[in-house]
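The values are calculated or read from the model by the stated rules, or taken from the named source; none is laboratory data. Just so you know, these numbers come straight off a predicted model, no measurement behind them. Ideal geometry is used to build each Cβ from the backbone, glycine not excepted, and the neighbour counts take in all protein chains shown.
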Amino acid sequence: MIESLERLTLPQAATRLGLHPTDLIRILAAGEGFPPNLRFDPSHLEMIRRRGGLQVWWGEGEGQDSDPLDLSRRLMRRFLEHQLIEPEMTRADNLFRGLGVRPHTLLRKIVNTLIQKGVLVSRMGEFTLMVGLRREQMDNTRSFVETGTGSIGEMIRKT
Amino acid sequence: MNQPALAQALEELNRWRATVESSVLAGLDSVEAEEAAIQRSIAELERQLRALRSMRERQTRQRDVIGQELKARAWQAVLTSLTEDRARLMERAALLQQAMVQARADVLEGVREVPGRAAELDGLVTEAVRLRERLQTPGLPAYSRPGVEARLSQVMARLQPVLEAMEQVPDLELEPAGVGVVLASGPAGGPPQLLLLLLPVPYAACTDWNSRPDDIAARLIWRTTLAIHRMLRRIGATTAPIRLIEVEGNLGIEIWLGDHAVPDDLQEISLEAIQSVQEDAPELVAAALEVYSFWLAPELVDLEEGR
């Protein structure tokens, strides 16, 4: 049982944070605080979360039984709630953190479509790809979140 | 009888003509002979020129073949050394994993040999686990949290010496051995756009990271990644895209620098970065492994083929 009290290895810390180890290192490299022996305690995890802008957008089991349209509406609602309208952006991996495998795969496809169609905008950030809502798509997005219809709804149906 | 004056004049004219014609013909023969000689010289020179051109083509082909051969041999040497170094590293990784398991067991056994210490340790561990679970309980009243946290902190402080001893990396006491990290940039003959690092570790250490041990191979990847990111920050290329690729079973790290101003001393900076991997790496010291870095000239590596 004492093992459960040991400090985390880097892969364990990465799993806990929902990151690939190399992404975790990219965040750590941006400042002080890299543990030389590669052992992580809760304060390290908190620092990485804060420095890297990590967020968990989905609770356990959330989205598991959702259809593409429902999943997309929930996602776009979060963009509006978090005011992620360009130039404000969030880490692309935040969009999926917490989701199970099936909804994760589905939502990834949807997000790719929304970027291709110009609803979402992406750019490479300091640590990873960043995503935000295109300003001129705000009204469309509101309407989609409320009714599930409009041009965004059409895009999702065709995905 | 005197000839008529006209006949004399015509005779004179014929003599003059014969003299002039003979002189012109002699000159013409000489010019034609000279022309023929020049034509022969030209033909000879053209023949020599053709021979030289043909020789040049053969030499060029040979030079290209040698260049390709050199590249192929260099690449083969790189792959062979990576494979050998990887085998050495994995052998020591397995030994170190075993030694670490044994060392942890020894620490716990040492604690349990002290009378009363085993029960004390078990009590502290049980309490710490229980307190952590309590802190994660959603319904924990806010007023209780500081008290629980303070108690957990006290318990953990008492466990700390044992936990730290368990984390120690035991020295394998082996002969020092070197493992090489290969660096190359491309394209040849222009500013570097791509920086490639080849590590003597299995590619799987990077893809199956959550199901395999955090051994020396994995740690070499983490430490190299840290060194790369620090280097990118130093040269102002923090957003440079990085790709992890498989090169004959080894891990390759590709860094796209094409969208950044690359300093002239990229080679020195990169080599310095890799040398820093050795610093503060107790697992490398314990396994007596020394990391060397080699810079491969752009002419010797085809980055496209390397993939």
Single residue of segment B:218-248 satisfying the filter (of a type outside the set (Gly, Ala, Ser), touching a helix residue (DSSP H, G or I) at 6+ places or on another chain (Cβ under 9 Å) and in a loop (DSSP other than H, G, I, E, B)) that is farthest from the other protein chains (Cβ to nearest Cβ): B:Glu248
Which listed residue, of B:Met90, B:Met156, is at pLDDT 90 or above, within 14 Å of chain A (Cβ to nearest Cβ) and in contact with a helix residue (DSSP H, G or I) (Cβ under 8 Å, 6 or more places away or on another chain): B:Met156
Lone unmet requirement of (1) away from every other protein chain (no Cβ under 13 Å); (2) over 29 Å from B:Leu96 (Cβ atoms); (3) not β-branched (Val, Ile, Thr) for B:Pro200: (2)
Number of positions in segment A:120-156 that are touching a residue at least 40 places away in the same chain (Cβ under 8 Å), farther than 26 Å from B:Ala240 by Cα and touching a helix residue (DSSP H, G or I) at 6+ places or on another chain (Cβ under 7 Å): 9
Considering residues of segment B:203-217 that are farther than 20 Å from B:Val101 by Cβ and not in a loop (DSSP other than H, G, I, E, B) only, the residue farthest from the other protein chains (Cβ to nearest Cβ): B:Ala204
Helices (runs of 4 or more DSSP H) fully within segment A:1-119 counting 2 or more residues that are within 14 Å of chain B (Cβ to nearest Cβ), more than 15 Å from the chain's Cα centre (by Cα) and touching a residue at least 60 places away in the same chain (Cβ under 8 Å): A:21-28
Unmet requirement for A:Glu136, which otherwise passes all of (1) more than 21 Å from A:Ser66 (Cα to Cα); (2) in contact with a strand residue (DSSP E or B) (Cβ under 7 Å, 6 or more places away or on another chain): (2)
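Out of curiosity, is B:Met100 buried (at least 17 other Cβ atoms within 10 Å of the Cβ), within 24 Å of the chain's Cα centre (by Cα), part of a helix (DSSP H, G or I) and hydrophobic (A, V, I, L, M, F, W, C)? Lay out the reasoning, then the answer.
On the way: buried (at least 17 other Cβ atoms within 10 Å of the Cβ): yes; within 24 Å of the chain's Cα centre (by Cα): no; part of a helix (DSSP H, G or I): yes; hydrophobic (A, V, I, L, M, F, W, C): yes.
Answer is no for this residue.
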Some residue of segment B:275-284 being free of Cβ contacts under 8 Å to residues at least 40 places away in the same chain and in a loop (DSSP other than H, G, I, E, B): yes
Verdict on B:Thr207 being among the polar types (S, T, N, Q) and at pLDDT below 95: yes
Pair list, Cβ under 7 Å, 6 or more apart: segment B:104-115 residue without any contact (Cβ under 8 Å) to a residue 24 or more places away in the chain, other residue assigned to a helix (DSSP H, G or I): B:Arg112/B:Ala118
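Please pick out the residue among A:Arg39, A:Arg102, A:Arg78, A:Arg50 that is surrounded by 16 or more Cβ atoms within 10 Å (Cβ to Cβ), among the charged types (D, E, K, R) and over 23 Å from B:Met166 (Cβ atoms).
Just a single option satisfies the conditions, and that option is A:Arg78.
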Residue check for B:Leu13: part of a helix (DSSP H, G or I) and surrounded by fewer than 10 Cβ atoms within 10 Å (Cβ to Cβ): no
Answer from B:Glu133, B:Glu91 - the residue that is among the charged types (D, E, K, R), within 22 Å of B:Val169 (Cα to Cα) and either part of a loop (DSSP other than H, G, I, E, B) or under 50 Å from the mean Cα position of the chain (by Cα) (or both): B:Glu91
Residue match in segment B:59-79 (condition: of a type outside the set (A, V, I, L, M) and more than 30 Å from B:Leu183 (Cα to Cα)): yes
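Here's the yes/no breakdown for (1) touching a residue at least 40 places away in the same chain (Cβ under 8 Å); (2) within 16 Å of B:Phe294 (Cβ to Cβ):
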site	(1), (2)
B:Arg50	no, no
B:Glu69	no, no
B:Leu79	yes, yes
B:Leu82	yes, yes
B:Leu95	yes, no
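For the structure I just gave you, tell me whether B:Val125 is of a type in the set (Val, Ile, Thr), closer than 30 Å to B:Leu95 by Cβ, in a helix (DSSP H, G or I) and under 47 Å from the mean Cα position of the chain (by Cα).
On the way: of a type in the set (Val, Ile, Thr): yes; closer than 30 Å to B:Leu95 by Cβ: yes; in a helix (DSSP H, G or I): yes; under 47 Å from the mean Cα position of the chain (by Cα): no.
No; evaluated as a whole, the condition is false for this residue.
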For B:Glu290: the one exception among (1) loosely packed, with under 14 Cβ neighbours inside 10 Å; (2) modelled with pLDDT of 90 or more; (3) closer than 21 Å to B:Ile245 by Cβ; (4) not small (Gly, Ala, Ser): (3)
